[in-house]
Structures are given as C-alpha cells and as structure tokens.
C-alpha cells in the first residue's frame with residue numbers, strides 16, 4: 001500500500017541545527033564498552049582495559065558516533081516525518097585524533113541532502129557531523145550518516161548525497177570471524193550508553209507500529225560489535241590504530257541474538273559484514289575499516 005504521509009521537504013531543507021555539547025566521563029566510556037558485551041569473558045585481558053580502571057582505561061573508537069547526539073528533531077510536527085519508521089541506512093566515521101577516555105565535545109550537524117527513493121520506498125537524509133574538542137576547538141571525528149525514513153517516499157530530492165558504500169565482491173571465505181552473543185537487555189543498555197533514545201528500541205507497541213515484531217537492536221550497536229571484532233583481531237591493545245570505519249545497515253538485529261562478524265582482508269583495508277546466526281540474515285554489509293599500519 002502506498003504511504004500517503006511524507007516529509008515537508010521545504011521545511012526540512014531550511015532547518016539549521018544548533019551544535020550539541022556533551023561532557024562524558026570514564027564511566028560513560030566503560031558503559032559504552034559494556035553495552036557491546038566487552039568484559040563478558042572475565043579472563044579476556046585484551047578487553048579488560050575497556051571496562052576496568054585498574055589496567056589503564058582505553059576507549060572503543062566507535063564511541064565517537066555517540067558524542068554530541070542530536071535531539072529527536074524528527075518529531076517536530078512541522079517536519080511531517082513518519083518518525084516511528086526511521087532507521088539507520090549507512091554510517092562512516094573518520095577519526096582525526098584518538099579519542100580520550102573522557103572530555104567535553106561540541107558536535108556540529110549539517111543536513112547535506114534528501115534522496116527520495118519514490119512513493120512507498122522511503123527517503124534518505126544525508127548528514128555530516130563534526131565532533132570537536134570543545135575546549136581546544138580542534139576536530140576529533142567527522143561522521144557521515146544516512147537516515148532511512150521508511151515512510152517518507154515521494155517527498156522530493158534536494159542537495160548532493162555525501163555517502164555511498166562500495167559492494168563487497170566476496171569470492172572467498174572470511175579471513176576471520178567471531179560470534180557475539182548479545183544480551184536480551186542489550187538495546188536497553190545501548191540506548192543509555194549512546195543517548196539514542198528512539199523508542200523503537202524499547203517500546204513493543206512503537207516497534208509494532210514500525211512493522212517489527214518486537215523492539216530491535218540499534219544498527220550502531222551492531223556496528224560497535226564489528227568495531228569490537230576489528231580491534232580484537234588487528235589491534236588488541238591499540239584501539240587508537242583504528243582510523244576509519246563505514247558500513248551499510250541491511251536488517252536490524254534483535255536483542256538476544258548471536259551476531260557473527262566476518263572479516264575479509266583487502267590490502268590495507270579490512271572489509272566486513274555481520275549476520276544473525278539464528279535467522280541467517282545479513283545485518284551489516286559493505287563494511288570497510290582502515291587502521292594505522294605503524
């Protein structure tokens with residue numbers, strides 16, 4: 001059935017977003033690592049520094065995507081957005097310097113384009129986010145994101161898309177893979193760790209309104225699991241070596257599922273994808289990561 005409700009393009013394209021300030025402390029960084037399941041094996045000394053202050057705390061690089069999170073502006077009635085149906089489409093980050101275990105950031109958010117997929121097919125919002133050290137006024141990370149507005153097709157096009165991932169031409173088995181058992185409370189924990197409070201991840205009624213049988217995991221949580229796997233494989237005691245990461249979100253995971261991360265080595269790049277073991281469906285695709293070779 002064709003969706004009649006869609007976004008008011010003229011209103012949205014003229015929005016200007018205030019920068020978002022956030023102070024985070026080491027406890028927040030530990031909570032983020034715990035939300036990814038780090039520390040589930042008490043004898044895993046590679047992951048212990050992310051969750052235990054007695055080993056010299058380290059920060060998971062993908063935590064950058066949670067810093068200076070935008071308020072939920074999509075619920076503004078003037079925007080006309082079917083906000084219940086929003087999910088992540090793609091995301092990429094580039095770290096300009098290693099994150100510190102605590103600090104104060106100021107994040108700038110700019111809408112770059114609206115890509116209309118057509119009536120009944122949804123629309124894509126392309127954003128660019130610059131995370132800066134507020135006190136030093138220096139860039140920490142550039143994040144490019146695509147938000148998939150599943151109920152807003154037919155709204156029209158504007159601007160130039162900022163993100164487009166390349167397909168994985170996979171003809172071999174993974175170079176390495178690992179399974180992560182996620183917690184049934186995983187989405188509830190991650191929404192607190194990440195400040196992504198979309199109710200689709202917590203409220204069964206709203207999840208059903210969006211077409212899901214129950215609350216879904218955050219796509220960025222699944223991306224965080226991929227980051228966890230990449231660190232474990234290629235930089236177990238040096239997370240700061242991870243410089244870039246990008247991915248396309250294919251299907252949402254459900255809290256409590258087993259997520260399999262598959263890594264493929266392509267020269268200087270690590271390509272990756274993720275799937276639900278229980279349902280045998282792809283969760284992440286077109287993943288790419290680059291690490292410092294030093």
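All of (1) over 26 Å from residue 37 (Cβ atoms); (2) over 19 Å from the mean Cα position of the chain (by Cα) hold for residue 173 with one exception: (1).
Exactly one residue among 38, 7 is crowded, with 22+ Cβ neighbours inside 10 Å and more than 18 Å from residue 239 (Cβ to Cβ), and that residue is 7.
Anything in the range 255-268 that is surrounded by fewer than 20 Cβ atoms within 10 Å (Cβ to Cβ) and in a loop (DSSP other than H, G, I, E, B)? List them, or say none. Hits for the range 255-268 are 256, 267, 268. With respect to (1) surrounded by fewer than 16 Cβ atoms within 10 Å (Cβ to Cβ); (2) at pLDDT below 95; (3) more than 16 Å from residue 31 (Cα to Cα), the lone exception for residue 197 is condition (3).
With the structure loaded, tell me whether residue 227 is within 26 Å of residue 25 (Cβ to Cβ) and surrounded by 14 or more Cβ atoms within 10 Å (Cβ to Cβ) or whether it fails that test. Yes; evaluated as a whole, the condition is true for this residue. Being crowded, with 19+ Cβ neighbours inside 10 Å and modelled with pLDDT under 95 is a property that residue 69 lacks. Within the range 110-132, is even one residue under 26 Å from residue 238 (Cα atoms) and without any contact (Cβ under 8 Å) to a residue 24 or more places away in the chain? Scanning the range 110-132 turns up at least one residue that is under 26 Å from residue 238 (Cα atoms) and without any contact (Cβ under 8 Å) to a residue 24 or more places away in the chain.
Looking only at the range 81-123, how many residues end up being over 23 Å from residue 248 (Cα atoms), in contact with a strand residue (DSSP E or B) (Cβ under 7 Å, 6 or more places away or on another chain) and surrounded by fewer than 18 Cβ atoms within 10 Å (Cβ to Cβ)? Residues flagged as over 23 Å from residue 248 (Cα atoms), in contact with a strand residue (DSSP E or B) (Cβ under 7 Å, 6 or more places away or on another chain) and surrounded by fewer than 18 Cβ atoms within 10 Å (Cβ to Cβ) within the range 81-123 amount to 3. Restricting attention to the range 133-143 and to residues that are part of a strand (DSSP E or B) and either in contact with a helix residue (DSSP H, G or I) (Cβ under 7 Å, 6 or more places away or on another chain) or touching a residue at least 60 places away in the same chain (Cβ under 8 Å) (or both), the residue that is surrounded by the fewest Cβ atoms within 10 Å (Cβ to Cβ) turns out to be 143. Among residues that are touching a helix residue (DSSP H, G or I) at 6+ places or on another chain (Cβ under 9 Å) and surrounded by fewer than 16 Cβ atoms within 10 Å (Cβ to Cβ), residue 175 is included.
Here residue 74 passes the criteria (1) in contact with a helix residue (DSSP H, G or I) (Cβ under 9 Å, 6 or more places away or on another chain); (2) buried (at least 17 other Cβ atoms within 10 Å of the Cβ); (3) at pLDDT 95 or above; (4) within 21 Å of residue 198 (Cβ to Cβ) except the one numbered (3).
Out of 291, 283, report the one residue that is buried (at least 20 other Cβ atoms within 10 Å of the Cβ) and under 30 Å from residue 213 (Cβ atoms).
Result: 283 is the single residue among 291, 283 that is buried (at least 20 other Cβ atoms within 10 Å of the Cβ) and under 30 Å from residue 213 (Cβ atoms).
The values are calculated or read from the model by the stated rules, or taken from the named source; none is laboratory data. Everything quoted here is computed from the prediction, not taken from an experiment. Virtual Cβ from ideal backbone geometry, glycine too; neighbours counted across all protein chains shown.
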